[in-house]
Amino acid sequence: MRFGWPIVLVMVVLVWPPHARAQSAAAIGIQIADAAMERACLAGRPPAPAYARMLEKKANDLMRRYLDFATAGDSKGLAKQFTGAATARWSTGGTQRPVNALTDPFLVGVPRSQVSLEQLAFVAGGDQETGRGIWLVTIDDGQTKRSFEYGMDMAPNGWGMFRILHLTVFTERGKAVPPVPFCHLSMTASY
């Protein structure tokens, strides 16, 4: 007995468990939604305001955690604030340091109570998953004040967690280029 392909397809669909059909339909729906979001992103549409606020909050939380570990001189804790990707980097003055054994020379040993953080600029990526910003880090020991600008690119690292992809410390105020709207993080236009 010979069946044509339409009949075989109908038979497969009928014996295919309902939960598998639903999962397949959901996966197709997600792919269609992702494609639409990607087209909008590439066309320059900014991220939804709720996503932008959420990413900005996560970026500020991430910078606060960075300062906590950096002032404590905790290189293991500091390394965990980075994505773990081969492209993750920390740099200052054109010099890059590996993130797996990092200490921040500007903050290590400084009491956390003497360090303040102020967000200067932040832009959420049109992909609604990444962000880029500049923070002013000021060290005030009661006698002298030193300020640095920290430019950070942030990316998701699974399960709603965000980590630092790139972090550059600018030792002079005004040297960090303000972030501009973008769709996806780029290695050529990053901190």
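Laboratory data are not the source of any read-out in this text; all were calculated from the coordinates shown. Remember, it's a predicted structure, so these values are computed and weren't measured experimentally. Note that each Cβ is placed from the backbone with ideal geometry, even for glycine, and that neighbours are counted across all protein chains shown.
Table for the structure above
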{"read-out": "Within region 48-170, percent of DSSP bridges classed antiparallel, to nearest 5", "value": "85 percent"}
{"read-out": "Within straight-line cross-link reach of Lys145, aspartates and glutamates at Cα separation under 20 Å, skipping those fewer than 8 residues along the same chain", "value": "Asp68, Asp104, Glu118, Glu172"}
{"read-out": "For peptides 71-81, 104-114, 42-52, sequence by mean Cβ density within 10 Å, most packed first", "value": "71-81, 104-114, 42-52"}
{"read-out": "Virtual paramagnetic centre 7 Å along Cα→Cβ of Ser186, amide N under 19 Å, in region 62-84", "value": "none"}
